[in-house]
Protein chains: 2
Amino acid sequence: MQVLNNLKWRYATKKFDADKKINDEQLSCLKEAIRLSPSSYGLQLYKVLIISDLEIKKQLQPLCWQQSQITDCSHLFIFCSYKNYNDNDVDEYIKLVTTEQGLEYTTLEGYGSFIKGKVSEKTPTEQTAWLERQPYLAVSNLIMACAEQQIDTCPMEGFTPEDINRFFQLDNKNLNAVVMVAVGYRSEDDTAQHRKKVRKAENDLFEIVGS
Amino acid sequence: MQVLNNLKWRYATKKFDADKKINDEQLSCLKEAIRLSPSSYGLQLYKVLIISDLEIKKQLQPLCWQQSQITDCSHLFIFCSYKNYNDNDVDEYIKLVTTEQGLEYTTLEGYGSFIKGKVSEKTPTEQTAWLERQPYLAVSNLIMACAEQQIDTCPMEGFTPEDINRFFQLDNKNLNAVVMVAVGYRSEDDTAQHRKKVRKAENDLFEIVGS
């Protein structure tokens, strides 16, 4: 099982080797793993900022609890969910699907109305929470795609979204930073790589219901 | 790239073959992929209910928009986040990590306090949203582990959490159903398997910032 091997191999890298960078071909693969990720109704209501520029990473570091991964990683992926949902997002989606699948727009117009109806049943708070959850599906696939290529990662929630939003003027773009992944190569002296991976026992995590 | 192949192979299965079931060995692998998934601070503040019992699945179906995947899948995984965070969750985590890594509890007590402090900075609404996001990392790994074994899946948010919570009396267990994954084998006549996978273009999903 390659998937289990990848999950066992990976760990949240605390110290990256600032001299080691991923190449363009690797970056393309990682972007494709994100792009192919599932999302609610397939809407993909998020954007991913990718930063390798050291000067920008240095400016971001104070907004991210001064963590060294920000500056030492090769590429920083910042996942930003749409701040507000708009029915127009569904129209755009239906347009994309029908074009790609060679269908008339009207074929899926009813499905679009169904999605709009369901989303409108959510309160604004529920809509935000729903939008913020979707990028996590892609985060996992990014981590998995990296592990397969023995590229290290550190998923990070340790930052103040408001600060990141202000820095990149994300508000104006209807975006909201929710989670980051630092991508690169571990430093040889990152002691975290030697720690035993700890997870809850199966019985504490799962409950088999019924027969 | 096996990861990209898995992502291309999979699709949200609309119709399962009710006669085909996954075996115990496959189920073990899938549980392990979930168990090894990363989560915020490593806390794993969720539980996963696994249901293969047809009678229970029949009772769940009306609570899940009558979708056929609920009854026809082999196993239904219901991901339930902790409803409320408690500092005790962190104490339990520190206890687990120190025991597993052969350390004194006091070695990581300060780290535990750090986590508690950070979580306490979140408003109750933010805490709930944060808790609800974590299982999505495991959902992706479950889907990936299935795809590797050519097992089909359908990630599902189409249900009323309150109904599911009531059905399983999850409130009493401080749990809240957030997302499901139906796992099994596609029906030969599921037309969804033949549709072209549609995703946003790279330029619409990514923004390279800086040089």
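Some notes on this structure:
- Dipole magnitude of the protein assembly as shown, debye to nearest 20 (Cβ charges: Lys/Arg +1, Asp/Glu -1, about Cα centre): 160 debye
- With 5 Å bins from 0: P(r) over chain B, alpha-carbon pairs, percent: 1, 7, 13, 16, 16, 15, 12, 10, 7, 3, 1, 0
- One decimal place: the segment B:Asn172-B:Asp204 gains 7.2 nm when fully extended, by the rule 0.36 nm per residue minus the C-alpha distance.
- Working note: Cα gyration tensor of segment B:47-100, eigenvalues times five, square-rooted, sorted largest first, giving semi-axes of 34, 13, 7 Å.
- Sequence of B:Lys197, A:Lys58 once ranked by neighbouring C-beta atoms within 10 Å, starting from the fewest: A:Lys58, B:Lys197
- Pairwise Cα inverse-distance average, inverted: Kirkwood Rh of segment A:159-211 (Å): 15.8 Å
- Across peptide B:15-21, the average count of Cβ atoms from other chains found within 10 Å of a residue's Cβ is 0.
- When each of A:Lys47/B:Lys47; A:Lys200/B:Lys83; A:Lys196/B:Lys118; A:Lys197/B:Lys95 is checked by Cα-Cα distance, pairs over 22 Å: A:Lys47/B:Lys47; A:Lys196/B:Lys118
- Remark: relative contact order (chain B) = 36 percent; criterion is Cα-Cα distance under 8 angstrom and separation of 6 or more residues.
- Quotient of the Cα radius of gyration of segment B:116-211 and 2.2 N^0.38 Å, N being its number of residues: 1.47.
- Its relative contact order, with pairs defined as Cα atoms under 8 Å and 6+ residues apart, puts segment B:1-73 at 48 percent.
- For the segment B:48-58, counting C-beta atoms of other chains within 10 Å of every residue's C-beta and taking the mean gives 3.
- Averaging 1/r over every pair of different alpha carbons in segment B:67-159 and inverting the result gives a Kirkwood radius of 16.1 Å.
- Rg over Rh for segment B:1-72 works out to 1.01, using Cα positions for both radii and the Kirkwood form for Rh.
- Taking only the alpha carbons of the protein assembly as shown, we obtain Rg and Dmax values of 20.8, 65 Å in that order.
- With contacts taken as Cα pairs under 8 Å and at least 6 residues apart, segment B:45-112 reaches a relative contact order of 32 percent.
- Percentage, to the nearest whole number, of Cα pairs in segment B:1-125 over 22 Å apart: 56 percent
- Residue mean of other protein chain beta carbons inside 10 Å, A:139-147: 6
A short reminder: the numbers here are calculations on the coordinates, not readings from a lab. Quantities reported herein were computed from a predicted structural model and do not represent experimental measurements. Using ideal geometry, Cβ is built from the backbone for each residue, glycine included, and neighbour counts are taken over all protein chains shown.
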